[in-house]
Amino acid sequence: MAPEIERIESIEFSYPLEDVGTDGAGFNLVYEPGSTTERKLFGLRIHTSEGITGEYVGGNSPAAAQINTFADYLVGKNPLKRERHWSEIKRALRKYDRMGMGPVDIALWDFAGKYYDAPIHELLGTYRERIPAYASTYHGDENGGLDSPEAFADFAADCREMGFGGFKVHGWGGSDGSRDVDREVEMVHAVGERVGDDMDLMLDPACEYETFGDALTVGRACDEEGFYWYEDPYRDGGVSQHGHNKLADRLDTPLLQTEHIRGLEIHTDFVASGATDFVRADPEYDAGITGAMKICRMAEGFGLDVEFHAPGPAQRHCIAATRNANYYELALVHPDCQNTMPPVYEGGYSDFIDTIDDDGTVSVPDGPGLGVDYDWDYIENNATGSVHVYE
């Protein structure tokens, strides 16, 4: 008899980030001694007739709101029919960005791995079991942490000594004309001169630069220092194919785009137009492991590499099954505060800065499904009161 989904639970919980605040605009997380920022995520459990539960922790409030629109459809369905469910829910969310698909699809893959007693990367087709990692920083601050070009260069050197093969900078927020751009240029040169011969360097302004001209100015500094990629530089929000085509025409540094667009088709259009050199994917953002792997195969057909956004067990499984990927993003790291990883893992899984080995790589979980054990006591004890049950 085929397995059935009997109940789906979604639990919002919060956890503290010590010595972390926000920058002047209030959106970027930055080092701020003495401050505590509360971050909210969701724990998702899909209970089945087999007594096997598919699990995932992540997501955000807009994604949870979308889950509310389609969870009832899944109750009573076979959890192994992921492709069918993916197609139906994709259509159901056609008016939205489909962020709600990711957590559910990942939990369904977790169920499948537990059902077949295999890690997800085996179900996808294992290519490797250790992945090179790069250190991806918090945004620059004004609080004695990453507060100068020299501070970024010092931290890059520290990460090199730890074994990281790559280093990605998130610069300062709250643009205020050329002075900020000048400091970004100084930072690019400071980091490049310090570690550029030993590490792959990346710059991700996270769409902070206010004009195409600013993006071009900083991009030319990246050219001079031989940066590995330049990511989401200006205020188009990372979505303009025309704008990034124009930028790419004038720079040597490869562009990495598509973190802020959703879905296979628009990723394909972005690549086909020549508007990016590396392709961004994220199983949480891009409609789950199912959606992210479709993007990987599309990019492979175009001869391009896919770089996965953010750390997490789902990302590790996807990269383990992807030939055309170079790095695992260990984010957000800082010399004086912990990264944003929630304290929900039992059994040794970690995405803290010291998780890499001497060769700068991370392992891929080898247990069934995602291969991680979640601390549901912590999640339930820190629940915000936003709990949804579908049955």
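Tabulated data for the structure shown
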| read-out | value |
| --- | --- |
| Extreme residue, surrounded by the most Cβ atoms within 10 Å (Cβ to Cβ), among residues of the stretch 52-71 that are outside any helix (DSSP H, G or I) and β-branched (Val, Ile, Thr) | VAL57 |
| Selection status of ILE106, in a helix (DSSP H, G or I), without any contact (Cβ under 8 Å) to a residue 24 or more places away in the chain, closer than 21 Å to GLU391 by Cβ and not small (Gly, Ala, Ser) | no |
| The stretch 345-376, residues that are outside any loop (DSSP other than H, G, I, E, B) and either under 12 Å from PRO311 (Cβ atoms) or of a type outside the set (Gly, Ala, Ser) (or both) | TYR345, GLU346, ILE353, ASP354, THR355, THR361, VAL362, ASP373, TYR374, TRP376 |
| Only listed residue being without any contact (Cβ under 8 Å) to a residue 24 or more places away in the chain, out of contact with any Pro (no Cβ under 6 Å at 6 or more places or on another chain) and not aliphatic (A, V, I, L, M), chosen from GLY303, GLY243 | GLY303 |
| Checking ILE353 against (1) over 30 Å from ASP198 (Cα atoms); (2) open to solvent by 30 Å² or more (accessible area, probe 1.4 Å); (3) of a type in the set (Val, Ile, Thr), the condition it does not meet | (1) |
| Residue in the stretch 316-327 that is under 17 Å from ILE120 (Cα atoms) and open to solvent by 20 Å² or more (accessible area, probe 1.4 Å) present | yes |
| Close pairs (7 angstrom Cβ cut-off, 6 or more residues apart or separate chains): farther than 13 Å from TYR228 by Cβ and of a type outside the set (Lys, Arg) in the stretch 186-198, open to solvent by less than 30 Å² (accessible area, probe 1.4 Å) and part of a helix (DSSP H, G or I) anywhere | GLU186/PRO149; MET187/PRO149; MET187/PHE152; HIS189/ALA221; ALA190/PRO149; ALA190/PHE152; ALA190/ALA153 |
| Test for ASP336: is it out of contact with any strand residue (DSSP E or B) (no Cβ under 8 Å at 6 or more places or on another chain) and in contact (Cβ under 8 Å) with a residue 60 or more places away in the chain | no |
| Residues satisfying the stated conditions in the stretch 219-242, i.e. in contact with a strand residue (DSSP E or B) (Cβ under 8 Å, 6 or more places away or on another chain), open to solvent by less than 10 Å² (accessible area, probe 1.4 Å) and assigned to a helix (DSSP H, G or I) | GLY219, CYS222 |
| Matching entry among ALA153, ALA157, ALA206, ALA190 (being at pLDDT 95 or above and farther than 24 Å from ASN326 by Cα) | ALA190 |
| Inter-residue pairs, beta-carbon under 8 Å, first more than 22 Å from GLU88 (Cα to Cα) and in the stretch 264-289, second open to solvent by less than 40 Å² (accessible area, probe 1.4 Å) and of a type in the set (D, E, K, R), 6+ apart | PHE278/GLU307; VAL279/GLU307; ARG280/GLU231; ARG280/GLU259; ARG280/GLU307 |
| Of residues in the stretch 362-391 being of a type in the set (Val, Ile, Thr) and open to solvent by less than 20 Å² (accessible area, probe 1.4 Å), the one nearest to GLY145 (Cα to Cα) | VAL362 |
| Residue in the stretch 250-258 that is more than 21 Å from ASN326 (Cα to Cα) and open to solvent by 20 Å² or more (accessible area, probe 1.4 Å) present | yes |
| Residue count, the stretch 23-51 (criterion: part of a strand (DSSP E or B), of a type outside the set (D, E, K, R) and surrounded by 14 or more Cβ atoms within 10 Å (Cβ to Cβ)) | 13 |
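Matching residues to (1) under 21 Å from ILE319 (Cα atoms); (2) charged (D, E, K, R):
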{"site": "MET341", "(1), (2)": "yes, no"}
{"site": "THR355", "(1), (2)": "yes, no"}
{"site": "SER363", "(1), (2)": "yes, no"}
{"site": "GLY367", "(1), (2)": "yes, no"}
{"site": "TYR378", "(1), (2)": "no, no"}
{"site": "THR384", "(1), (2)": "no, no"}
{"site": "VAL387", "(1), (2)": "no, no"}
{"site": "GLU391", "(1), (2)": "no, yes"}
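The values are calculated or read from the model by the stated rules, or taken from the named source; none is laboratory data. Since we're looking at a predicted model, the values are computed, not measured. Here Cβ is always computed from backbone atoms with ideal geometry, including for glycine, and neighbour counts include all displayed protein chains. Side chains are part of the model used for accessible areas, which takes the heavy atoms of the whole protein and leaves out ligands, DNA and RNA. Shrake-Rupley method; radii C 1.70, N 1.55, O 1.52, S 1.80 Å.
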